[in-house]
Amino acid sequence: MISMRHRFHGYRGVRAVYREGRVVRGAMMSIKYMDRGKKEGYRAAVVVSKKVHKSAVTRNRLRRRIYEIIRRADKGLTERKDIVLTVFSDRVVELGPEKLRAEVENLLKKAGR
């Protein structure tokens with residue numbers, strides 16, 4: 001799980017990323033990201049809708065898995081960025097740990113360019 005300093009606080013920052021950010025799409029999820037300018041570190045949010053899975057337990061478990069992947073990702077991938085990762089496919093729930101990690105890290109690398 002990522003620490004509180006790497007999370008969004010309130011909706012203002014998330015709305016800014018949705019409004020002004022750039023998009024990188026994968027087969028099952030997408031990342032909207034925006035540079036933070038001179039501010040240090042990164043902020044991340046993971047959005048998993050009810051369309052992915054009806055159970056809140058399953059959605060939260062998926063969110064925690066993705067947060068952990070982001071936390072362990074190479075620091076160069078996420079430095080000075082605001083990141084909102086949106087899961088839109090129900091197939092993500094069934095992915096194994098290695099495949100999920102590879103998918104998320106691939107999207108982070110594309111966003112880091």
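Values quoted throughout were computed directly from the atomic coordinates according to the rules given, and no laboratory measurement underlies them. Keep in mind that what you see is a predicted model, and the values were worked out from it rather than measured. Positions of Cβ are backbone-derived with ideal geometry, glycine not excepted, and every protein chain shown enters the neighbour counts.
Per-structure values
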read-out	value
Efficiency of FRET from Cβ geometry, Arg64 and Arg12, R₀ 25 Å, rounded to 0.05	0.55
Computed magnitude of the charge dipole of the chain (debye, nearest 20; Cβ of K, R +1, Cβ of D, E -1)	340 debye
Cα extents of the chain along the three principal axes, largest first (Å)	38, 27, 24
Acute angle (nearest 10 degrees) that the helix 56-72 long axis makes with the longest principal axis of the chain, alpha-carbon atoms	40 degrees
Within region 31-48: backbone nitrogen closer than 18 Å to the Glu79 label point (7 Å, Cα to C-beta)	34-44
Sites Lys39 and Lys110 - FRET efficiency at Förster radius 35 Å, r taken between beta-carbons, to 0.05	0.95
222 nm mean residue ellipticity, helices alone, for the chain (DSSP H n ≥ 4; -39,500 (n - 2.57); rounded to 500)	-12500 deg cm²/dmol
